[in-house]
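What follows is one structure encoded as structure tokens, with my remarks underneath.
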């Protein structure tokens, strides 16, 4: 019963229609190579409604103008990865994790081409850790560059910015949150701010204000398998979820999401 067409910058709640319109009920997984992508597309989500696919993008070895999937052996070009996802009959969201401005431009160009071919009807998020104001760190793409590049090449996405890890030793301090909100409050796209679960617990009170900043803002809480267990932070994640279940999402494996019910 899903609409045939979907605006790629649209709300993933409207796209996936999770139980109780709860962001916790949207599944996430990370693409690591072609075999695992095919497993996700054909087997893992066979009995489900699909989910968000996190795609870490780097430059090809020896061919910097070709974006590929980080860690894939043999290298899986991003273009091939996107074509496999877009050819699937299931419902997939595309989450692109990008590290450099050159990769950002190349990735956006591939999205623009897919959109122009009338193929891109999936929620599409563009993630980068960026530098701005209180979280300005040299060698990171600035927030202004991030916004300008997206608007110039392919703006029909959800913006998914994160903070440089170097500024998070004391958690998400008020000045970090305020400067991020200020940077994106003028953007016309939806914005989902990316937070690490292992950092969030130190400053959960300050992060609550994010969901009240603007109706277009959401939060995505990430926990990676290599990080420590969630036991210390479950209460913080539950507190965030209680604020608005339609504006908080959980980029983590099922075994971790089950602890936040």
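The values are calculated or read from the model by the stated rules, or taken from the named source; none is laboratory data. The shown structure was predicted, so the numbers you read here are calculated from the model rather than taken from an experiment. Heads up, the Cβs are rebuilt from the backbone with ideal geometry, glycines too, and the neighbour counts pull from every protein chain shown.
Miscellaneous remarks
- Selection over the stretch 119-162 of residues that are over 23 Å from residue 88 (Cα atoms), assigned to a loop (DSSP other than H, G, I, E, B) and touching a strand residue (DSSP E or B) at 6+ places or on another chain (Cβ under 9 Å) gives a count of 8.
- Residue in the stretch 16-31 that is within 19 Å of the chain's Cα centre (by Cα), without any contact (Cβ under 8 Å) to a residue 24 or more places away in the chain and within 23 Å of residue 189 (Cβ to Cβ) present: no
Residue-wise test of (1) closer than 24 Å to residue 250 by Cα; (2) within 17 Å of the chain's Cα centre (by Cα); (3) surrounded by 21 or more Cβ atoms within 10 Å (Cβ to Cβ); (4) without any contact (Cβ under 8 Å) to a residue 40 or more places away in the chain.
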residue: 98; (1), (2), (3), (4): yes, yes, yes, no
residue: 103; (1), (2), (3), (4): no, yes, yes, no
residue: 116; (1), (2), (3), (4): no, no, no, yes
residue: 121; (1), (2), (3), (4): yes, yes, no, no
residue: 138; (1), (2), (3), (4): no, no, no, yes
residue: 142; (1), (2), (3), (4): no, no, no, yes
residue: 145; (1), (2), (3), (4): no, no, no, no
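- If you go through the stretch 163-178 and keep only what is surrounded by 20 or more Cβ atoms within 10 Å (Cβ to Cβ) and not in a loop (DSSP other than H, G, I, E, B), you end up with 176, 177.
- Out of 194, 189, sole residue that is in contact with a strand residue (DSSP E or B) (Cβ under 7 Å, 6 or more places away or on another chain), in a loop (DSSP other than H, G, I, E, B), surrounded by 15 or more Cβ atoms within 10 Å (Cβ to Cβ) and modelled with pLDDT of 65 or more: 189
- Residue 42 vs. criteria at pLDDT below 95 and either more than 26 Å from residue 215 (Cβ to Cβ) or within 18 Å of the chain's Cα centre (by Cα) (or both): yes
- One residue from 204, 157, 167 being over 16 Å from the mean Cα position of the chain (by Cα) and modelled with pLDDT of 85 or more: 167
- Selection of the stretch 1-14 for residues being out of contact with any strand residue (DSSP E or B) (no Cβ under 7 Å at 6 or more places or on another chain) and modelled with pLDDT of 90 or more yields 6, 7, 10, 11, 13, 14.
- Unmet criterion (only one of (1) in a loop (DSSP other than H, G, I, E, B); (2) at pLDDT below 95; (3) closer than 23 Å to residue 254 by Cα) for residue 73: (3)
- Test for residue 64: is it touching a strand residue (DSSP E or B) at 6+ places or on another chain (Cβ under 7 Å) and part of a strand (DSSP E or B): no
- Considering the stretch 80-96, and only residues there that are at pLDDT below 95 and not in a helix (DSSP H, G or I), the residue that is nearest to the chain's Cα centre (by Cα) turns out to be 92.
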